[in-house]
Amino acid sequence: MRISVIGCGYLGAVHAASMAELGHDVVGIEVDVPKAQLLSAGKAPFHEPGFEELLGRSLASGRLRFSPDMAEAAGSAVHFVCVGTPQKRGEYAADLRYVEAATESLLQVLQPGELVVGKSTVPVGTAARLAELVSGKVPGAILAWNPEFLREGFAVQDTLHPDRLVYGIPAGPDGDTAQATLDEVYASIVDAGTPQVVTDYATAEMVKTAANSFLATKISFINAMAELCEATGADVKQLADAIGHDDRIGRKFLNAGLGFGGGCLPKDIRAFMARAGELGADQALTFLREVDNINMRRRIRMVDLAREVCDGSLVGKRIAVLGAAFKPDSDDIRDSPALNVAAQLQLQGASVQVTDPAANENIKRSWPQLLVVDSAEEAAERADAVLLLTEWKQFRELDPVAFGQIVAKKRVLDGRQALDRDAWEAAGWSYRALGRRAG
Ligand code: UDX
């Protein structure tokens with residue numbers, strides 16, 4: 001099938017390359033010319049395991065190209081809208097200007113019989129509004145909503161082997177056409193027996209925000225338990241293990257620590273609250289405000305803990321920060337808890353040396369006042385405390401004995417409960433983690 005993918009950021013670029021991998025003839029439309037050129041040259045504009053290989057394969061097959069020009073989307077049977085929906089400045093609501101601009105521009109080339117498929121995360125009600133716009137301007141063109149659930153670090157796997165397909169479609173024959181077309185696009189995924197939920201626009205839009213709200217709530221739940229553990233001397237890791245054995249609860253997303261960040265969870269729960277307010281249903285989501293608060297308190301507590309282990313003052317202390325991306329296997333520092341803590345420590349008078357296996361260039365651009373170094377060893381030189389804030393594999397596997405030779409004081413704060421506590425303590429380190437007893 002001829003497919004266009006409009007907006008080649010994280011979601012769009014991976015989606016475009018994956019659609020080509022599935023055998024479709026794909027054009028990715030990206031208005032940012034340098035980004036389009038980078039993608040055309042087979043270079044990933046972001047760190048994502050397996051993506052550059054997929055991109056290279058798809059380009060070499062001749063089934064994938066990128067262009068800044070919307071005219072190139074003309075003639076595609078399916079147009080995926082994958083542009084970003086960031087948080088509005090100074091407000092909780094989602095900023096829909098890119099979705100609107102992309103749709104307006106697509107309408108100039110859209111033809112009757114073609115299918116527009118929204119994948120961006122949008123406030124409930126957006127699809128119905130866009131559907132009117134599409135059918136008003138191009139009678140015979142149809143709109144569907146098909147949310148994407150990819151996780152950074154697993155984006156390729158999640159796109160090629162999703163755990164479910166959700167189609168939001170209109171009622172009647174247009175809906176049948178949309179469903180049949182999407183089934184054709186995803187034929188191999190459908191054939192593999194992937195569960196499908198075929199529903200209306202509003203439900204499809206809400207599936208995404210509800211899923212992310214649930215995940216955020218689960219993380220904040222365990223972090224609230226960590227606060228209680230700190231007050232009582234209980235151990236949050238053992239608590240998570242114990243409740244996680246109940247398969248109604250499950251152990252996933254119960255890792256206490258610095259909490260969630262990134263380009264999705266924080267902004268999605270806020271946009272969801274804002275939309276609920278507009279709909280007069282704000283009470284239903286007031287708990288998400290608390291989820292957000294618990295999450296933010298973890299960052300403050302981490303800074304407090306660092307001050308505590310540094311004998312009550314951060315001024316002039318050398319602190320090594322390991323990790324700055326919002327999670328491992330990503331160079332994304334959007335709303336990164338790690339970077340937030342690093343910046344706070346620096347602002348409170350510490351001399352922070354930060355290192356991240358993938359995000360160093362991004363840190364230098366957004367936080368020039370932080371000293372960014374190339375390795376954990378360099379960061380830890382003569383450090384008064386070492387903070388593990390993003391659980392990259394190479395940090396989890398550090399040898400506490402050798403690492404202990406580099407620092408001034410063997411104090412480690414494990415912000416992600418990722419280190420082998422016994423091994424670090426055996427090597428003479430004082431080990432501290434949120435929600436866990438001091439040694
Ligand atoms: C998330 C959703 O998982 C994905 O389905 C959706 O499409 C986009 O948003 P992503 O932002 O890539 O994906 O990250 P995710 O793996 O969900 O992690 C989010 C944050 O939660 C990270 O900062 C991570 O460190 C944190 N986290 C995760 C915890 O603090 N504890 C956990 O137990 C799990």
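Can you give me the relative contact order of the range 358-414 as a percent, contacts being Cα pairs under 8 Å and 6 or more apart?
38 percent
Tell me, Kirkwood radius of the chain from alpha-carbon pair distances, in Å?
With all distinct Cα pairs of the chain included, I get 23.2 Å.
Using a probe of 1.4 angstrom, how much of the accessible area of the chain is carbon and sulfur, in percent? Working shown, then result.
Working: 9820 of 18500 Å².
Carbon-and-sulfur percentage of accessible area, whole number: 53.
For the chain, find the longest principal axis of its Cα atoms and tell me its angle to the long axis of helix 173-185, 0 to 90°, nearest 10.
60 degrees
What does the range 86-131 give for Rg and for Dmax, in Å, if only its C-alpha atoms count?
Computed over the Cα atoms of the range 86-131, radius of gyration and Dmax are 12.1, 40 Å.
Roughly how many Å is it from the Cα centre of the range 278-325 to that of the range 77-136, as a whole number?
Taking the Cα centre of each part, the range 278-325 and the range 77-136 sit 34 Å apart.
Given the rule -39500 (n - 2.57) for each run of at least 4 DSSP H residues, summed and divided by the residues of the chain, what is its mean residue ellipticity at 222 nm, to the nearest 500 deg cm²/dmol?
Calculated mean residue ellipticity at 222 nm is -13500 deg cm²/dmol.
Can you tell which of Ser61, Gly168, Leu182 lies farthest toward the positive end of the dipole of the chain, using +1 and -1 charges on the Cβ of basic and acidic side chains (Lys, Arg; Asp, Glu)?
The Cα lying farthest towards the positive end belongs to Gly168.
Amide H of Val5 versus every other amide H placed in the peptide plane: which residues, excluding those fewer than 5 positions away on the same chain, fall under 5 Å?
Sorted by chain and number, the residues that satisfy this are Val27, Gly28, Ile29, Phe80.
Where does helix 97-107 land angle-wise versus the long Cα axis of the chain, in degrees 0 to 90, nearest 10?
Helix 97-107 sits roughly 20 degrees off the main axis of the chain.
Would you mind calculating the relative contact order of the range 298-439 from Cα pairs under 8 angstrom and at least 6 residues apart, reporting the percent as a whole number? Write down the numbers at each step before the final one.
On the way: 294 pairs, mean separation 32.6, N = 142.
Across the range 298-439, relative contact order equals 23 percent.
To the nearest 20 debye, what charge dipole does the chain have about its Cα centre, counting +1 at the Cβ of each Lys and Arg and -1 at the Cβ of each Asp and Glu?
1200 debye
What are the ³J(HN,Hα) couplings of the range 118-130, residue after residue, when phi is run through the Karplus curve with 6.51, -1.76, 1.60 and θ = phi - 60°? Round to Hz, x for glycine and proline.
Using θ = phi - 60°, the values come out as x, 10, 5, 7, 10, x, 4, x, 5, 4, 4, 5, 5 Hz.
In whole Å, what is the distance between the alpha-carbon centres of the range 157-194 and the range 382-439?
When both Cα centres are located, 46 Å separates them.
Per residue of the range 53-62, what does 6.51 cos²θ - 1.76 cosθ + 1.60 with θ = phi - 60° give for ³J(HN,Hα)? Whole Hz please, x for Gly and Pro, Karplus curve as stated.
Coupling constants for the range 53-62: 5, 4, 4, x, 4, 5, 5, 5, 6, x Hz.
Loop only by DSSP, 15 or fewer other Cβ within 10 Å of the Cβ. Give me the chymotrypsin sites (Phe, Trp or Tyr not before Pro) in the range 2-110 that pass, ordered by residue number.
none
With every protein chain left in place, what is the accessible area per residue of the range 2-199 in square angstrom, probe 1.4 Å?
41 Å²
When only DSSP loop residues count, what GluC sites (Glu not before Pro) in the range 35-97 have their Cβ near at most 14 other Cβ atoms within 10 Å?
Filter output for the range 35-97: Glu91.
Name the residue from Ala36, Leu22, Val309 whose Cα lies farthest towards the positive end of the charge dipole of the chain, charges +1 on Cβ of Lys and Arg and -1 on Cβ of Asp and Glu.
Val309
Only Lys, Arg, Asp and Glu count, each charged at its Cβ (+1, +1, -1, -1), so figure out the dipole size of the range 214-433 about its Cα centre, rounded to 20 debye.
So the magnitude is around 400 debye.
Please state the relative contact order of the chain as a whole percent: Cα pairs under 8 Å, 6+ residues apart?
On the way: 907 pairs, mean separation 52.1, N = 439.
With pairs under 8 Å counted, the relative contact order is 12 percent.
Relative to 2.2 N^0.38 Å, what does the C-alpha radius of gyration of the range 88-161 come to as a ratio? Two decimals please.
Cα-based Rg divided by the globular estimate yields 1.26.
Applying a 10 Å radius around every beta-carbon, put 244-253, 403-412, 261-270 in order of their mean neighbour count, most first.
Highest to lowest by the protection proxy: 261-270, 403-412, 244-253.
In whole angstrom, how long is each semi-axis of the equivalent ellipsoid of the range 2-199, when you take the square root of 5 times every eigenvalue of its Cα gyration tensor and sort them from largest down?
That gives 23, 20, 18 Å for the three semi-axes.
Label-point separation (nm) for Asp69 and Ser105, each offset 7 Å from Cα along Cα-to-Cβ?
Modelled inter-label distance: 1.4 nm.
Skipping prolines and chain starts, which residues have an amide H placed within reach, meaning under 5 Å, of the one on Ala144, given they are 5 or more residues away or on another chain?
HN-HN under 5 Å from Ala144: Val116, Val117, Gly118.
The values are calculated or read from the model by the stated rules, or taken from the named source; none is laboratory data. These numbers come from a predicted model, not from an experiment. Note that we place each Cβ from the backbone using ideal geometry, even for glycine, and neighbour counts take in every protein chain shown. Quick note on the areas: whole protein, heavy atoms, side chains included, nothing else; ligands and nucleic acids left out. Shrake-Rupley method; radii C 1.70, N 1.55, O 1.52, S 1.80 Å.
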